[in-house]
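Notes follow the structure.
Laboratory data are not the source of any read-out in this text; all were calculated from the coordinates shown. Please read these numbers as outputs of a predicted model, since none were measured by experiment. Positions of Cβ are backbone-derived with ideal geometry, glycine not excepted, and every protein chain shown enters the neighbour counts.
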Amino acid sequence: MINNLKYKILFLMLFASVGTYAQSRVRESFNKNWKFFLGDEPKAKSTTFNDAKWRKLTLPHDWSIEGKFDEKNPAKPEGGGLPTGIGWYRKDFIAPANFQNRITTIEFDGVYKNSEVWLNGQFIGKRPYGYISFAYDLSKYLKAGKNTIVVKVDNSAQPDSRWYSGSGIYRNVWLTSTSKVAIAHWGVKVDPQLSTDGSKVLVNVGTIIYNKTKQNQTGALINSIYDENGKLVKKSNSYFLKLDTGNLDMTTDLSIKNPILWSVAHPKQYKLVTEILQNGKVIDSKTTLFGIRSFNFDAQKGFSLNGKSMKIQGVCLHHDLGALGAAVNVSAMERQLEIMKAMGVNAIRTAHNPPAPEFLDLCDKMGFLVMDEAFDMWAKKKNKNDYHLNFPNWHRTDLEDMVKRDINHPSIILWSIGNEIREQFDSTGIALTKELVTIVKNLDRTRPVISALTETIAEKNFIYQAGALDIYGLNYNHKKYKDFPINYPNVKFLAAETTSALETRGYYDTADSIRRWPKDGKTKFTEGNKDWAASAYDNVSAYWGSTHEETLKEAKKYNHVSGIFVWTGFDYLGEPLPYAWPARSSYFGIVDLAGFPKDSYYLYQSEWTNKPVLHILPHWNWSAGRSVEVWAYYNNADEVELYLNGKSLGKKSKQGEDLHVMWKVNYEVGTLKAISRKGGKEVLVREIKTAGAPAKIELIADRKNIKADGKDLSFITVRVLDKDGSLVPNADNLVNFKIEGEGFIAGVDNGFQASLEPFKASYRKAFNGLCLAIIQAKEKAGTIKLTATSNGLASSSILITTVKK
Ligand code: GAL
């Protein structure tokens with residue numbers, strides 16, 4: 001009885017929402033009201049299975065991040081040390097209105113991994129690759145009344161990805177209902193061809209239209225382009241459509257004069273509205289954002305966008321969102337990109353797989369260039385159970401789907417067919433490279449194809465030997481940048497991955513020497529600190545990499561270096577090189593896992609932005625008499641003067657290739673102060689004080705007003721301060737959180753790579769003075785109050801408002 005009522009209400013809601021568009025496309029989030037079971041339950045695919053005891057949840061969902069760290073978890077520390085396994089999802093739903101006469105499609109943006117889907121007990125499909133988006137036509141098995149969709153996710157075979165993958169339906173799911181004559185899934189392709197002088201653009205639109213009515217049909221196609229302000233700038237003729245059963249591929253051209261270009265600084269997009277009409281009525285309509293820009297890679301001059309030279313100042317990012325795991329959240333991705341933007345980053349490499357579609361939308365909107373990457377391996381494995389097992393049967397479909405899904409994003413400037421692929425070392429690499437490049441080029445001739453390579457001897461690199469790549473993507477080997485044009489005459493060059501420096505935020509060993517951890521590929525790593533930390537002085541790196549400054553200096557020197565992608569922008573879960581357990585997340589990030597910048601963030605900011613920067617390190621709490629190296633990163637100034645307790649320690653300015661200045665200072669308690677000056681005029685002042693004992697907590701929210709949409713986030717930084725308000729640089733107090741009102745704690749973190757505290761908790765120890773609480777809005781507008789308490793410290797509260805938008 002109750003169930004019946006539930007379905008009636010559901011039906012009414014669905015019907016009400018589609019009523020006004022009964023004839024047109026309806027695309028709705030399909031994230032709510034799923035049931036989940038962790039473990040294997042093959043009987044669950046049956047419609048009669050009783051899931052009453054299963055957990056109810058809203059997608060996106062990553063079950064690994066909810067688990068406990070354990071060295072014995074099959075994913076190993078390299079995979080993040082969290083549980084993987086098998087999980088089942090079920091959802092009951094009412095089919096969209098008039099579904100018998102329409103086409104209903106389910107879209108999965110990503111399921112990690114090996115998903116199998118059943119609708120009403122009928123098998124719909126299997127998709128092994130966990131980083132790809134896919135869709136199924138459900139029409140055949142839909143029925144009136146209750147329908148049940150079941151998804152099995154199998155991430156049990158480990159080790160798999162070389163980093164943390166997450167497990168489950170970790171990206172969004174959508175349900176789309178269209179008429180039987182409609183625009184196909186990923187059926188709109190926009191190719192804006194800009195004239196060389198930039199004065200006009202020919203927008204070539206490809207439209208795939210399906211006719212699933214089993215009868216021939218006629219109709220009309222109209223494309224309209226709107227500018228950012230919603231003003232119609234061009235409308236095509238109405239093209240007559242003669243539709244046999246099957247797909248029809250149409251191309252139309254629209255020209256625009258004096259187009260507004262998309263760029264990193266001004267990421268302006270246009271909106272294309274594609275309409276299908278029958279008998280004068282719109283029966284389908286789809287909106288596609290696109291941008292107009294030109295770019296070029298030149299073997300001598302490097303990269304240019306819209307005719308202007310620019311270096312690619314890129315970072316590689318894995319897909320996890322720290323304490324939130326792999327579960328997609330737009331505000332968490334936006335925060336990552338905001339932090340990167342403020343550092344001066346203008347490009348992202350989606351290492352080493354296609355990202356969530358929303359990530360690319362953000363890159364389009366915020367102005368980032370993107371290197372969209374398909375694979376980390378081909379037929380030869382890196383780990384026992386990785387994608388090499390699926391590569392033979394699936395690489396064509398997966399690669400095609402990446403390009404089809406992502407082709408309209410103005411941010412994407414490169415398709416990468418793979419990272420450090422083992423086939424570069426043997427002759428099988430030749431045929432495979434040619435095949436993969438052809439797959440991409442058959443779909444998109446406008447963007448170059450790259451692969452990130454490590455073998456630097458041309459004759460020994462079979463991926464290069466294939467002669468099919470447009471650009472040589474070199475990983476590491478920064479000393480080889482110089483002679484690249486001699487060794488590879490007229491070859492376009494990008495440093496596709498660089499650096500791999502190792503740092504723990506707020507942790508400093510003496511900066512007397514550069515450490516390579518590990519020092520080579522043979523010797524067991526025995527160096528390192530007892531507390532699993534790495535110095536943040538930019539003096540530690542993997543042996544194949546470099547410090548941040550070492551690579552940056554080389555990349556700056558040569559015009560033929562189109563740019564770099566630093567490994568990595570953020571720390572990520574897994575790959576805790578060089579340390580063993582309990583280390584479980586990476587040390588490579590310029591920003592830690594919680595989103596707190598390490599000092600090298602300001603090195604890049606001083607080099608990659610024009611805003612005035614002055615940053616001094618380390619902290620100022622040392623043992624008496626110790627000699628401490630004080631570094632300053634700065635720009636827009638001729639010199640920096642350092643003072644200790646009011647006494648000048650001298651002026652310094654960067655000489656030659658220098659990227660920082662340094663003073664050796666005999667430590668004494670007090671205040672360290674730096675002033676940068678230009679032409680004698682003060683530009684910036686920075687001060688660090690010796691902190692006393694922890695006394696109070698400060699809470700700072702990145703956003704105080706968020707949407708009451710059940711998804712939006714506020715990231716609250718928790719700072720442990722002494723009684724005078726100075727950050728206590730080694731504070732590790734346990735902080736307890738209490739949350740009241742219209743929100744909940746989505747995750748906690750402190751950025752320390754070897755913490756085994758859970759991410760889903762209402763407490764966290766501070767690490768080097770800081771920790772983080774991530775607050776998620778519920779769906780009701782109101783207020784959220786977060787209170788942080790800690791033994792012996794004055795507590796603190798913060799209010800966040802949630803609003804319906
Ligand atoms: C690279 C690899 C990355 C990461 C990095 C760590 O060789 O492409 O995925 O493993 O090393 O330094």
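Put a plus charge on the Cβ of each Lys and Arg, a minus charge on the Cβ of each Asp and Glu, and nothing anywhere else: the dipole of the stretch 226-385 about its Cα centre is then about 360 debye. The protection proxy used here, the mean number of other Cβ atoms lying within 10 Å of each residue, ranks peptides 170-182, 445-457, 65-77 as follows, highest first: 170-182, 445-457, 65-77. Length, then width, then depth: along the principal axes, the Cα atoms of the chain run 88, 66, 53 Å.
The string of couplings for the stretch 527-533 from the Karplus curve (6.51, -1.76, 1.60, θ = phi - 60°) is 5, x, 9, 5, 9, 6, 10 Hz, one whole number per residue in order, with x for Gly and Pro. Rounded to the nearest whole angstrom, the semi-axes of the ellipsoid equivalent to the stretch 685-805, taken from the Cα gyration tensor as √(5λ), stand at 26, 15, 12, largest first. With θ taken as phi - 60° and the Karplus curve 6.51 cos²θ - 1.76 cosθ + 1.60 applied, the whole-hertz 3J(HN,Hα) list for the stretch 440-457 is 5, 5, 5, 9, 8, 9, 8, 10, x, 10, 10, 9, 8, 10, 10, 6, 9, 8 Hz, x standing for glycine and proline.
In whole angstrom, how long is each semi-axis of the equivalent ellipsoid of the stretch 568-658, when you take the square root of 5 times every eigenvalue of its Cα gyration tensor and sort them from largest down?
Largest first, the stretch 568-658 gives 29, 19, 10 Å.
Listed values for the stretch 273-290 are Karplus-derived 3J(HN,Hα) couplings in whole Hz (6.51 cos²θ - 1.76 cosθ + 1.60, θ = phi - 60°), namely 10, 9, 10, 10, 10, 9, 6, x, 10, 6, 9, 7, 8, 9, 9, 10, 7, 8, and x replaces Gly and Pro. Using only the C-alpha atoms, the convex hull of the stretch 377-476 corresponds to 100 Å³ per residue.
Taking amide H as placed 1.01 Å from N in the peptide plane, the amide H of Gly670 sits under 5 Å from that of Thr690, each at least 5 places away or on another chain. Over the chain, DSSP H runs of length four or greater, each weighted -39,500 (n - 2.57), average out per residue to a 222 nm ellipticity of -4000 deg cm²/dmol. For the chain, the share of DSSP beta bridges that are antiparallel, to the nearest 5, is 80%. Amide hydrogen proximity for Phe295: with H placed 1.01 Å from N in the peptide plane, the residues at 5 or more positions away or on another chain lying under 5 Å are Asn306. Taking packing as the residue-averaged number of other Cβ atoms within 10 angstrom, the listed peptides 238-247, 387-396 run from highest to lowest as 387-396, 238-247.
Here the stretch 32-177 is assigned +1 on the Cβ of each Lys and Arg and -1 on the Cβ of each Asp and Glu. Its dipole about the Cα centre then comes out at about 500 debye. When the C-alpha to C-alpha distance is required to be over 18 Å, the pairs from Lys35/Lys91; Lys286/Lys804; Lys704/Lys804; Lys113/Lys152; Lys214/Lys281; Lys556/Lys654 that qualify are Lys286/Lys804; Lys214/Lys281. Distances between placed amide hydrogens fall under 5 Å for Val613 paired with Asn635, all partners being 5 or more residues away or on another chain.
Charges were assigned to the Cβ only: +1 to each Lys and Arg, -1 to each Asp and Glu. The resulting dipole of the chain about its Cα centre is roughly 2000 debye. Of the residues Val345, Gly473, Asn114, the one whose Cα sits farthest toward the positive end of the charge dipole of the chain, with +1 on the Cβ of Lys and Arg and -1 on the Cβ of Asp and Glu, is Asn114.
Please go through the residue pairs Lys32/Lys805; Lys482/Lys553; Lys341/Lys765 and name each one whose alpha carbons sit more than 23 Å apart in this structure. Checking Cα-Cα distances, Lys341/Lys765 exceed 23 Å.
Pairs from the table (Lys43/Lys68; Lys76/Lys711; Lys384/Lys557; Lys56/Lys404; Lys189/Lys308) lying more than 29 angstrom apart at Cα are Lys76/Lys711; Lys384/Lys557; Lys56/Lys404. Look at the alpha carbon pairs under 8 Å that are at least 6 residues apart: their mean separation over the length of the stretch 44-178 gives a relative contact order of 36 percent. Per-residue packing, averaged as other Cβ atoms within 10 Å, sorts the ranges 499-510, 699-710 into the order 499-510, 699-710, beginning with the highest.
Take the Cα radius of gyration of the stretch 38-188 and divide it by 2.2 N^0.38 Å, N being the number of residues; the result is 1.12.
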